[in-house]
Amino acid sequence: RFDSCVAFPRQMTLGALSEENDSLIYQMGMEVAEQCKAVGINLNFAPCIDINNNSRYPVINSRSFGENRDKVCRKAMLYMHGMQDGGIVTSLKHYPGHGDTETDSHYGLPKINKNRIDLDEMELYPYRYLINENPDMVMVGHLNIPTLDPEPNSVSSMSYAIVSNLLKKELGYNGLIITDGMEMKGVRNQNRFEGDVEIRALLAGVDILLLPGETDSVIAAIKRAVEEDIIPEELINERCLRV
């Protein structure tokens, strides 16, 4: 994302490595960590563990290790461990799986119409696998997946069913949870008042709101929600302590 610094291969290029050379991905993770620390960055929103199983989707594309779920898991694990061992916080994304969509969530709300068996075999598979590898953080994308949350126009980043019931309880993840950018139209179009989508994300089980709306207004809205018992004060305390 920065110019005037070391450029590393994108994940699709790393996906083309033969398995016997995959140790290079761990080494690259270590070096990425060194580069981050050199400019004062302690968190990298990587690795992307979306499976590139829809060639019509223009955004995941080269950010994915590939279309094979086992290759994605193996290479992402090495990249993640390299960065972690280098002292950088990592983030798996975009939960619950953004690879098989045709809409860019920067501009609209992508919809995934799959049954639970298909989701378990593809989208959710890397999370089941990598949660056992102690990821620091999971980033929740802005997706409409009726099988996981049948509420009309449900958005995964604001869904208790997808964040708390599935990720935390069923998959057993107990690390940090952050939203994808809250400025993206896939979620902003759902905003009924300033702070609305941020409040719903907190209630869904998210710990950190990435790029929320007008910060002063959002903080004021969250404070009002606590005062009006819409958000329990204990929830705010628990999320802050987790961070």
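The values are calculated or read from the model by the stated rules, or taken from the named source; none is laboratory data. These numbers were taken from a predicted model, which means no experiment stands behind them. In this analysis, Cβ positions are derived from the backbone assuming ideal geometry, glycine residues included, and neighbour counts consider all displayed protein chains. Accessible surface areas use protein heavy atoms only, side chains included; no ligands, DNA or RNA. Shrake-Rupley method; radii C 1.70, N 1.55, O 1.52, S 1.80 Å.
Structure data summary
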item	result
Checklist (1) at pLDDT below 95; (2) under 23 Å from residue 132 (Cα atoms); (3) touching a Phe, Trp or Tyr at 6+ places or on another chain (Cβ under 9 Å); (4) surrounded by fewer than 18 Cβ atoms within 10 Å (Cβ to Cβ) applied to residue 52, failing item	(4)
Members of the stretch 10-34 that are open to solvent by less than 60 Å² (accessible area, probe 1.4 Å) and within 22 Å of the chain's Cα centre (by Cα)	11, 14, 15, 25, 28, 29, 32, 33
Residue check, residue 45 open to solvent by 30 Å² or more (accessible area, probe 1.4 Å) and touching a residue at least 60 places away in the same chain (Cβ under 8 Å)	yes
Any hit, the stretch 75-89, residues being open to solvent by less than 10 Å² (accessible area, probe 1.4 Å) and of a type in the set (Lys, Arg)	yes
Subset of the stretch 198-217 (residues that are in contact with a helix residue (DSSP H, G or I) (Cβ under 9 Å, 6 or more places away or on another chain) and modelled with pLDDT under 95)	212, 213
Residue in the stretch 177-190 that is farther than 20 Å from residue 61 by Cα, among the polar types (S, T, N, Q) and at pLDDT 95 or above present	yes
Residue satisfying all of: in the stretch 133-150; of a type outside the set (Val, Ile, Thr) and under 14 Å from residue 109 (Cα atoms); most open to solvent (accessible area, probe 1.4 Å) among these	146
